[in-house]
Amino acid sequence: MKKLYILAIITIFFTSLFALNQVDNFKVWDTGQEGVYRITLDCKESPDIKELNSGSKKYLILNIKDSIFKKSSESFRMKHHGIEYFKLVQFDKKTVRLVAKITKEYQTKFLIMQKNSSFPYRIIIDYKQKDIACDIATGLPTIVIDPGHGGKDSGAIGTKGTYEKDIVLDIAKQLEKKLWQSGRVNPVLTREDDTFVGLRNRVSLTENKNAVLFLSIHNNAEPTGRARGYRVYVLDENGKSGKTHDIVASAENKSFEMFEDINDVKKMDKNVLGILADIKLNQTIAKSMRLGNLVIDSFKNEFSNVDIEIRRAPFHVLKLAGIPGVLFEAGFITNKYDERLLKNVFYREKVAEVLKRSIMSYLTDNKLIACELESNNLPEYYKVKPGDTLIHIAKRFSIDLKKLQKVNNIENPSRIMVGMKLRIVE
Ligand SMILES: [Zn+2]
């Protein structure tokens, strides 16, 4: 009896030990890019990773649950580009912890590679230093405005034959102009005319521009023609399951972006064999919710009895690494009253004005203000924005007006056009 008892204890001990996932092969890779690090870890079993939000700005912490690290502790000193060290430790009996001590803001992304015949499970973690949130050409924070659809993709079609792609492009352009005239932001459109832009390109443009905010503009659609009003969508982090109630109810469900979303996930599973996760997602969603609520407040202030609400949905276009964003459905194009309003240019201007106000409140709340332009950091080109004059552009970059004219072969300084590319440095 006693023997059996001991055997049972030993069995339990070993089972629990062997049930733990073994983590090893801790490596820090030089990516060759300043402020970008990659860490890899190998695991016997599929790892369960959680980001720990310590509230501290000095450490980035990742926990690998039910795991064991045989060396118990290993660290790499970095001492440059804002990272002091990376450390992998056995935090408690069942948790392996990866700690990065940082002195500058970093964002992290991780990916789990599934095991195959030659490799075990591999965790890849990328640390990328957050750049200054300012566009170098203007010294202003960039906001990406995304008019939905375009070209072959008309979006929803109204009862009077109005195309969503045309309505949203006009609202976006009016918003761009208003934002630029505020002098506080650098607005960028994902499309400036009736052309088709894929969702991946919209996302990569926003990420490459290092935008502080993303706003996608759409019109809603619904088969009975009865639904009216505005909807503000914020990304649902559980979106991959596709089980979100909202998305079933939403008319946008049928739209092109949802199909692309599903295919995208499928493609990713096949090619990367992993799960890509933005581990800062929760913070980004909280910011997106704040922006969404500001949009709602601004619309309620402007229009009495306005039907507007915030919802969560797994829109692909909102899956932006660390960039807060909302998808705004400006009315139901399938409702005859909403459609009539949307066809009115003054109404669209009012919608753009209210959106501008929401964005301005967000920027103020988050202290997102213009950066100092560094004179030795002049851009090669500058694209003329609505409301620009050549004199202002010359002043902005502290260059001689005559020189600017000469370099760009402009005889009459009043003859510049929006979208025109000007050479700034010789
Ligand atoms: Zn749409």
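Only the coordinates and a few stated rules stand behind these numbers; no lab work does. In this text, all values refer to a predicted model and were calculated from it rather than measured experimentally. Every residue, glycine as well, gets a Cβ built from its backbone with ideal geometry; the counts of neighbours run over all protein chains shown.
Extension gain, ASN366-SER304: 0.36 nm per intervening residue step, less the Cα-Cα distance, totals 19.5 nm.
Remark: for residue pairs LYS287/LYS385; LYS50/LYS319; LYS128/LYS209; LYS50/LYS94; LYS300/LYS367; LYS173/LYS421, the C-alpha separation exceeds 21 Å in LYS287/LYS385; LYS300/LYS367. Within the set of other residues whose C-beta is less than 11 Å from the C-beta of THR95, count the net charge using Lys and Arg as +1 and Asp and Glu as -1. After counting each charged neighbour, the total is +2. Here LYS336 and LYS109 are evaluated by their C-beta separation; at R0 = 51 Å the FRET efficiency comes out at 0.65.
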